[in-house]
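Have a look at the structure below before the remarks.
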Amino acid sequence: MARYTGPACKLCRREGKKLYLKGERCVSGKCALERRTSAPGQHGADAKKMREYGMQLREKQTTKRYYGVLEKQFRNLYEEAARKEGMTGENLLVLLERRLDNVVYRMGMAECRRDARQLVLHGHFTVNGKKVNVPSFVVKPGDVIAVKESSRDSVKFKGLAESEGGVRTPKWIESDKKNYTAKVVAMPAREDIDFEFNEQLIVELYSK
């Protein structure tokens, strides 16, 4: 399965903002973006005037990197969002939020989305009692996501369940970390997404 395997911190530096790709490291003094604010590469420190296309491209790159989605997956999600009723940009963000790897992260059972993706791929989670190892699986209201019984005794999951910090669980997910479960109680709304996106720029880019 295709996935990005390069250095995560370079992606944050390239976009000029924290994408929270490495869990606790992103909120510590070890964050690469705080130590080196310039973009990576030989000409990263050079000041460049951003044109319209550049702003659209950077917004698209920021969004797909934030959710850990590659270009083909992202384009397919955009086309699916465009077929749905309502605003295409909001539909796209809702589809990204409903991915299983994102839900696992949101329920507090992974340190970051990259970590969540790996845990899902390794078969540590069930949806409605059935094992699902596809990170792009799209959840719906009523779905119950749980850590597999045989995985609950691991040091990693015990530590995550006992942790009181970490990511804020959105109101469309009811998380019960003590029992290693979460339930999707509603569809995510635009206001539930706590990262600053300008989805209209993505729509403009793909509409050319």
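The values are calculated or read from the model by the stated rules, or taken from the named source; none is laboratory data. None of these values were measured; they are calculated from a predicted model. Neighbour counts run over all protein chains shown; Cβ positions are idealised from the backbone, glycine included.
Points to keep in mind about this one:
- Residue identified as within 19 Å of the chain's Cα centre (by Cα), closer than 30 Å to Gln56 by Cβ and surrounded by 19 or more Cβ atoms within 10 Å (Cβ to Cβ) among Arg168, Arg117: Arg117
- Scanning region 115-126 for residues that are at negative phi and either among the small types (Gly, Ala, Ser) or modelled with pLDDT under 90 (or both) yields a count of 1.
- Of all the numbered requirements in (1) within 26 Å of Lys17 (Cα to Cα); (2) touching a residue at least 40 places away in the same chain (Cβ under 8 Å), Lys140 misses one, and that requirement is (1).
- Residue within region 97-109 that is farther than 24 Å from Val69 by Cβ and either of a type outside the set (Val, Ile, Thr) or assigned by TED's automatic domain parsing to the domain that holds Arg65 (or both) present: no
- Pairs, first closer than 25 Å to Gly159 by Cα in region 179-190, second hydroxyl-bearing (Ser, Thr, Tyr) and surrounded by 14 or more Cβ atoms within 10 Å (Cβ to Cβ), C-beta under 8 Å, six or more apart: Thr181/Ser175; Ala182/Thr169; Ala182/Ser175
- Summed over region 187-208, residues that are assigned to a loop (DSSP other than H, G, I, E, B) and either surrounded by 14 or more Cβ atoms within 10 Å (Cβ to Cβ) or among the polar types (S, T, N, Q) (or both) total 6.
- Extreme residue, farthest from Glu162 (Cα to Cα), among residues of region 93-105 that are among the charged types (D, E, K, R) and in contact with a helix residue (DSSP H, G or I) (Cβ under 8 Å, 6 or more places away or on another chain): Glu97
- Against the numbered list (1) part of a helix (DSSP H, G or I); (2) within 18 Å of Ile145 (Cβ to Cβ), Glu80 comes up short only at (2).
- Within region 145-161, restricting attention to residues that are without any contact (Cβ under 8 Å) to a residue 12 or more places away in the chain and in a helix (DSSP H, G or I), the residue that is surrounded by the most Cβ atoms within 10 Å (Cβ to Cβ) is Lys156.
- Screening Pro141 with (1) surrounded by fewer than 14 Cβ atoms within 10 Å (Cβ to Cβ); (2) at pLDDT 95 or above; (3) within 18 Å of the chain's Cα centre (by Cα) gives one miss only, at (3).
- Any hit, region 174-182, residues being part of a helix (DSSP H, G or I), in the same structural domain as Met107 (by TED's automatic domain parsing) and over 18 Å from Asp101 (Cβ atoms): yes
- Counting the residues of region 109-138 that are part of a helix (DSSP H, G or I) and farther than 25 Å from Glu164 by Cα gives 1.
- Checklist (1) part of a helix (DSSP H, G or I); (2) under 30 Å from Ser207 (Cβ atoms); (3) more than 17 Å from the chain's Cα centre (by Cα) applied to Glu85, failing item: (1)
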